[in-house]
Amino acid sequence: MQDLAFKVSPGFHTVVGATVQRRISLQAPFGVCEPSKTLNRYSQYSLSACKSNCQADYISDTCDCRLPAVPGNESICDPNKLLTCVFKAEDNYIKNNLAAKCSCPLPCDEVSYQTSLSSSCFADYAMDVFSDRMGFTRDYLKGNIVKLDIYFKTLSFLKIEEKEAYTWLAFWCDVGGAFGLLLGSTILTIVEIFDFIARNAFSGQLKGGQTKVIVFTGNLKS
């Protein structure tokens, strides 16, 4: 019930504040959401609808009926089936953790509403006014009349969107940079090796050769 709706009591003025949250998930291989997932009882897919759909199918297969709040083509369970079959089927569904066997992946685009409730009983003056205008007794109004106000707390909404932490573009950029570094260092190493060999060979020729010194002696004539 917490996933599907909230309860209000008769004889009370209830105020509901709602906030909107949108979650966008990634598909494979980055995420686990399935955009093509459909349900046989609900037109729009969500996690809560999927769980409710699984439980309703189990109750329908076990008791051959459905609960009034669950859509479907089966007949609605009468009070006798509720007591003799439906309640036992729900207990068995929870105790044996049959919900774990249901395939309920994350929706790729889901809008959810978070609500907060506050309520107060009708004042005596309001009860007198309602009683005079509607022609009902105070006891009837306390047991059958509800005043419900629903509003959005803010006109903005929270958006949670998954992004790839490492994209193909970043991958190829890193690969190109690595190849450029490796090729550049290889060419530079080859040039340095040839330079080293050339320098050693040239210096060896200078050391291994003989140097002749010619000395001229004699008198200088003016």
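Couple of notes before you dig in:
- Looking across the range 139-180 at every residue that is part of a helix (DSSP H, G or I) and closer than 19 Å to S120 by Cα, the one that is least open to solvent (accessible area, probe 1.4 Å) is identified as L141.
- Some residue of the range 24-42 being open to solvent by less than 40 Å² (accessible area, probe 1.4 Å), at pLDDT 85 or above and outside any loop (DSSP other than H, G, I, E, B): yes
- Matching residues in the range 113-138 - criterion: being open to solvent by less than 70 Å² (accessible area, probe 1.4 Å), modelled with pLDDT of 85 or more and over 29 Å from L158 (Cα atoms): S120
- Residue tally, condition among the β-branched types (V, I, T), in a helix (DSSP H, G or I) and open to solvent by 40 Å² or more (accessible area, probe 1.4 Å), over the range 72-112: 2
- In the range 51-63 there is at least one residue matching the filter, namely being open to solvent by 100 Å² or more (accessible area, probe 1.4 Å), in contact with a helix residue (DSSP H, G or I) (Cβ under 8 Å, 6 or more places away or on another chain), within 20 Å of C104 (Cα to Cα) and not aliphatic (A, V, I, L, M).
The values are calculated or read from the model by the stated rules, or taken from the named source; none is laboratory data. Keep in mind that what you see is a predicted model, and the values were worked out from it rather than measured. Glycine gets a Cβ as well: all are built from the backbone with ideal geometry, and neighbour counts include every protein chain shown. Quick note on the areas: whole protein, heavy atoms, side chains included, nothing else; ligands and nucleic acids left out. Shrake-Rupley method; radii C 1.70, N 1.55, O 1.52, S 1.80 Å.
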